[in-house]
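One structure is given here, and the rest of the page talks about it.
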Amino acid sequence: MSTLSTSSAPLDILAIAAHRDDVEQTCGGTLLKMAQRGHRTGILDLTQGEMGTRGTAEDRAREAVDAAKILRVSWRQALDIPDGRVENTWENRLKVARVIREQRPRVVILPYWKGRHPDHYTASTLGYEACFLAGLAKLDVNVARASSPAKEGAIAANPPPHRPFKIIYATLYFDVRPTFVVDITELFETRFQALMAYKSQFSDQEAGKDLFPEQAEIRARIEAMARFYGLLGGVTYAEPFLQKEVGLVEDLTLIPVKSI
């Protein structure tokens with residue numbers, strides 16, 4: 001696994017996704033906005049991206065660091081779950097639960113639980129169940145490290161239990177009406193540059209040209225989606241999210257977004 005930061009300070013917000021560049025596409029603007037407001041943000045990529053048509057896992061590791069810097073992310077790590085084979089196994093749940101305990105986020109952003117790519121919707125269920133397990137006081141998450149300890153001969157400590165207060169779902173990869181959107185109008189260009197940091201994936205090239213649109217078309221599609229969700233929220237550009245819980249309102253006069 002690879003790590004961007006080793007700070008021990010708890011994260012305020014942790015986005016979990018199957019592949020490097022998923023977070024940049026679905027909620028990168030939101031993470032940047034939260035970082036600008038002083039929150040510590042983090043990204044957990046479940047795989048190394050070794051199955052991608054373009055580039056290598058090493059390419060994507062370097063690009064992920066560049067993208068994280070653009071988004072002002074405080075912490076980023078990639079696990080060793082096989083790309084294209086993200087499975088909701090006990091071992092994988094423990095791997096993610098350990099990260100939850102170590103980083104102690106208040107909010108976790110997961111992919112929506114339906115989608116085209118099996119890795120995406122499996123990451124959603126895997127992430128939710130790992131968040132639950134991370135709060136069980138008697139659970140030892142070191143079982144997942146038994147076969148590959150961090151340091152030879154060292155016994156990793158079992159981090160204290162922690163369960164996030166809030167779990168929300170980034171819905172951009174699936175056609176579902178969001179619960180709410182986040183205004184990223186002022187951050188759209190920076191968010192796009194973070195995605196373009198993945199030069200091995202999104203630059204115009206021969207490899208995979210029948211599968212990937214040209215960069216100009218990528219921008220047009222991303223802008224169209226951001227404008228669509230912005231329209232729903234009465235702003236120019238936005239990112240969509242869903243929560244399972246009923247919302248709580250204290251003052252009816254302060255609810256945003258016009259009805260008429």
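The values are calculated or read from the model by the stated rules, or taken from the named source; none is laboratory data. These numbers come from a predicted model, not from an experiment. With ideal geometry, Cβ positions are generated from the backbone for all residues, glycine too; neighbour counts draw on all protein chains shown. The protein model used for the area step is the full one, side chains on, heavy atoms only, and it has no ligands, DNA or RNA in it. Shrake-Rupley method; radii C 1.70, N 1.55, O 1.52, S 1.80 Å.
Key figures for this structure:
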quantity	calculated
Top of Leu232, Leu71, Leu11 by mean-square fluctuation, Gaussian network on the chain, Cα under 10 Å	Leu232
Farthest positive-ward along region 24-131 dipole, Cα basis, beta-carbon charges - from Thr125, Thr47, Gly29	Gly29
Size of electric dipole in the chain: Cβ of Lys, Arg +1 and of Asp, Glu -1, about Cα centre, debye, nearest 20	760
The chain - percent of accessible surface contributed by carbon and sulfur, probe 1.4 Å	55
Relative contact order %, the chain, counting alpha carbon pairs below 8 Å whose residues are six or more apart	22
Approximate shape of region 73-118 as ellipsoid semi-axes (Cα gyration tensor, √5λ), whole Å, largest first	20, 14, 11
Where Arg104, Arg163, Arg191 fall by accessible area, highest first, once all protein chains stay in place (1.4 Å)	Arg163, Arg104, Arg191
Leading residue at positive end of dipole, the chain (Cβ point charges), from Tyr198, Val86, Ala224	Val86
Among Gly42, Gly230, Gly29: highest mean-square fluctuation, GNM of the chain, C-alpha pairs under 10 Å	Gly230
For region 168-187 versus region 74-123, the gap between their alpha-carbon centres in whole angstrom	19
For the chain, average projected area of the Cα convex hull in nm²	14.8
Probe 1.4 Å, protein heavy atoms only - accessible area per residue of region 7-111 in square angstrom	35
Aspartates and glutamates whose Cα lies under 19 Å from that of Lys69, excluding same-chain neighbours fewer than 8 positions away	Asp12, Asp21, Asp22, Glu24, Asp45, Glu58, Asp59, Glu186, Glu189
